[in-house]
Every structure is written in structure tokens, then in C-alpha cells.
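Inspection log for the structure reproduced underneath, given as C-alpha cells.
Just so you know, all these numbers are worked out from the coordinates, no wet-lab data involved. Since the model is a prediction, treat every value here as computed from it, not as a measurement. FYI the Cβ positions are ideal-geometry reconstructions off the backbone, even for glycines, and counts take in every protein chain you see.
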Ligand SMILES: *Cc1c(COP(=O)(O)O)cnc(C)c1O
């Protein structure tokens with residue numbers, strides 16, 4: 001017998017059904033009730049189940065298991081954003097007096113976290129070129145506790161010397177942390193290659209639809225994983241159920257999207273390289289890429305969905321390009337199901353001086369393309385027409 005409501009304030013019983021939903025339910029509940037203190041006590045003791053959403057909730061667990069599966073690990077966690085994944089790793093693994101060595105072309109906010117925020121906590125940081133292991137080695141200090149790198153850099157698509165950096169980290173007893181956002185678990189699996197921690201901005205290609213902001217972290221050492229999870233929960237970096245639910249749905253098509261986007265990126269890179277108005281194209285597995293051999297060695301055929309190119313004609317041509325390619329959103333993000341264009345000198349890298357940008361090869365005509373899954377003929381047409389209109 002169904003209980004009749006006695007008050008609209010009390011929750012009404014959930015209708016029962018022998019048949020079950022196919023789709024993962026969305027569970028926004030912040031709190032969970034228990035039958036009695038003994039049961040609750042036991043649950044805390046066992047570390048099972050859910051009590052309070054900041055500590056964990058089913059939608060985060062489901063999503064974490066799926067990304068674990070892709071990374072071939074077990075026990076990763078979801079964070080509220082890619083940046084909170086990095087924040088949780090720093091908070092969980094570092095203490096005052098430690099030194100962190102980072103790649104010099106990390107994601108903009110990661111650079112800021114290292115150069116401006118960690119020093120406030122008495123943590124030393126420095127940056128070096130991850131394509132050059134000698135430069136990395138030269139930046140090591142006796143207190144180097146962590147090395148943070150991205151395999152493929154933003155926006156110049158340079159490929160880090162992962163094998164030698166891994167050896168260096170091992171030799172000096174530092175944790176190797178890899179931000180695998182650009183490469184994704186299809187392109188590269190950090191843990192299998194000897195890293196200690198892998199993290200993602202799930203916001204990008206994994207979730208894939210520009211509608212959820214999330215991160216993911218896994219650490220090989222269970223004690224470290226616990227410390228990172230504690231930092232996530234204590235500092236309140238944990239994710240919303242709705243974002244996890246959306247990201248899980250997006251993730252179901254991740255492999256299909258990846259394959260299509262990568263195939264499109266290869267073809268688009270080739271088409272752009274033939275344009276007179278394009279000075280150079282950067283795509284990791286192309287023969288004309290400065291790190292071609294290393295890219296092929298690390299990534300195989302998986303050059304990924306990101307490419308950059310340099311347009312002749314500076315800022316004026318850049319303005320014309322985005323106006324002509326008006327069907328391709330000009331937006332500072334990546335990993336959407338559709339192609340997006342970004343212009344680092346006016347967005348992610350506007351904080352650098354012109355000389356700073358020049359030293360990275362980021363001129364006013366520099367564009368980064370996050371290639372999506374649309375019909376490649378249309379994409380090539382739109383972008384090559386825009387290049388021609390902008391440079392002639
Ligand atoms: C976007 C991005 C981040 C930050 O992720 P958010 O989800 O935006 O916080 C970190 N690293 C890389 C490589 C990224 O592309």
C-alpha cells in the first residue's frame with residue numbers, strides 16, 4: 001500500500017516500478033538519511049555509501065569509474081573543474097618548503113597558480129621547457145617534490161620529452177603529474193608510462209559539449225590519492241551532480257567524437273598547409289612538425305583534435321579571419337563537439353608581453369583550432385575561404 005502524503009513539506013514516496021530506467025539517474029540530493037546512528041556509524045567506518053554531497057555523490061562516482069576505465073586505473077575522483085583538479089593535487093601533495101617544476105607552456109591558469117599562488121604558501125616554483133630535458137634538469141632543486149607537465153602544449157602544440165622527464169622525476173624522487181587534457185586517454189596514458197598522477201579538465205573533449213565544467217584526478221599511491229581526495233572535499237572543490245550527469249552522457253560518445261575530430265584535424269591541417277596565406281601549421285604527427293618523431297613515438301597515430309596555424313598579415317588579418325569564418329565560434333575553449341577557433345594573443349596569452357609571446361612563436365596571426373566532428377568538407381571550405389579572404 002502506498003503511503004498517502006500527510007504534508008506537502010515531507011517528501012512523497014518515489015513510485016516503484018519493476019522495470020528500471022535505462023539512463024543513469026540524476027541525484028541532486030545534498031544529504032542522505034540513515035535508519036539509525038549505528039548504521040550511520042558503520043557506514044562511516046566502512047567508508048561506503050553517501051552522507052553529504054560535498055563528500056561524494058553517485059553521479060560523481062559513476063563518472064569517475066568511466067574515466068578510470070579510459071585511463072586504465074581504479075579509484076580516481078571528480079573535481080569541480082580542471083583547475084580544481086590541479087588545485088587538489090597541489091593541496092594534497094605539497095607543503096611549505098617544497099619546490100614544483102612546471103612546463104613553461106602549461107595552461108594559463110596553471111601557470112598563474114604556480115607563479116602567483118603557490119609562492120604565497122611558501123612553495124617555490126619554476127618553469128622550464130619540457131621539450132628539452134636538459135633545461136628541465138637544470139631547473140631541478142634539492143627540494144623539488146613535483147614535476148607538472150602537459151604532453152602537448154597549448155597553443156604551440158609542442159610535444160614534451162615524456163620519457164626523459166619520467167626518468168628525471170624518478171631519479172630525483174619527485175612526483176610526475178601529467179595534465180592529460182589535450183592528449184586524452186586515447187592519445188596517451190600517463191600512468192602506464194610511469195607518471196604518478198594523471199589529471200584532466202573533463203570540461204573539454206571528455207565531456208565534449210561545452211556544457212559541464214569538471215575535472216578528474218588519479219594518483220597511483222593510495223595514500224596520495226586519499227590526501228588529494230581530502231583536499232578536494234575539505235577545500236570544497238567537489239563537483240555538482242548535474243555537471244557529472246551531463247559529462248557522463250557526453251563521455252558515452254567520447255571515442256566516436258575523438259576519432260572523427262582527429263580525422264578532421266589531420267585533413268584540415270593538410271588543407272591549411274596548402275594555403276598561401278598560412279605561414280605554418282602545427283599538428284603533432286605531421287612530418288613538418290618540430291617534434292614529429294617524438295610525437296609519433298608517444299602518440300602513435302593519435303595526433304588528436306588540436307591544431308594551430310599562423311596567418312600572414314598580423315592582427316588585421318586575424319580580425320578578418322574570425323569575421324569571415326562566422327559559422328565557427330571564435331571562443332576561448334576547446335573540446336566542443338563542433339569546431340572552435342581561438343586567438344591566443346588576444347585571450348589566453350594576452351597577459352604576456354609581445355616579446356614573451358614572440359619567444360613562444362605566438363604572433364598576432366596565431367590561431368588555435370579545436371577541431372570538431374562536423375562534415376570535414378564544410379569545415380575545410382569555411383576555414384580556407386576565410387584564410388583567403390583575410391590575406392588577399
Ligand atoms: C581547460 C584546461 C584546464 C582547466 O580546466 P577547467 O575545467 O577550465 O578548469 C587545465 N588544463 C588544460 C590543459 C586545459 O585545457
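Side notes on the structure shown:
- Under 15 Å from a label point set 7 Å out along the Cα-to-Cβ vector of residue 223, the amide N atoms of region 170-193 belong to 174-175.
- Distance (nanometres) between label positions extended 7 Å along Cα→Cβ at residue 109 and residue 74: 3.2 nm
- Distance between region 187-203 and region 231-275 - C-alpha centres, whole angstrom: 15 Å
- Taking each residue as 0.36 nm, the span from residue 40 to residue 377 lengthens on full extension beyond its C-alpha to C-alpha distance by 115.4 nm.
- Between residue 17 and residue 164, the C-beta separation translates, for a Förster distance of 51 Å, into a calculated FRET efficiency of about 0.35.
- You can think of it this way: the chain between residue 135 and residue 276 has 47.2 nm of extra reach, that is 0.36 nm per residue less the Cα-Cα gap.
- For the chain, the longest principal axis of the C-alpha atoms and the axis of helix 37-46 are separated by about 40°.
- Tensor-based shape of the chain (alpha-carbon gyration tensor, a/c under 1.5 rounded, otherwise prolate or oblate): oblate
- Extension gain, residue 242-residue 385: 0.36 nm per intervening residue step, less the Cα-Cα distance, totals 47.5 nm.
- Max mean-square fluctuation residue, GNM over the chain, Cα-Cα springs under 10 Å, options 33, 99, 200: 33
- Cβ-derived FRET efficiency at R0 41 Å, residue 354 paired with residue 26, nearest 0.05: 0.30
- Region 187-293: relative contact order in percent, alpha carbon pairs under 8 Å with at least 6 residues between: 20 percent
- Taking 7 Å steps out from each Cα toward its Cβ at residue 288 and residue 121 produces label points 4.4 nm apart.
- Summarising the label geometry, the points placed 7 Å from Cα in the beta-carbon direction at residue 51 and residue 171 lie 4.7 nm from one another.
- Here the convex hull built on the C-alpha positions of region 251-392 has a volume of 109 cubic angstrom per residue.
- For the chain, modelled as a GNM whose springs connect Cα atoms under 10 angstrom apart, the maximal fluctuation among 39, 125, 144 occurs at 39.
- Whole-angstrom gap from region 302-331 to region 339-392, using each part's C-alpha centre: 3 Å
- Estimated FRET transfer efficiency (residue 234, residue 193; beta-carbon r; R0 25 Å; 0.05): 0.25
- Helical content of the chain, expressed as a calculated mean residue ellipticity at 222 nm, amounts to -11500 deg cm²/dmol (DSSP H runs of 4 or more residues, -39,500 (n - 2.57) each, divided by residue number, nearest 500).
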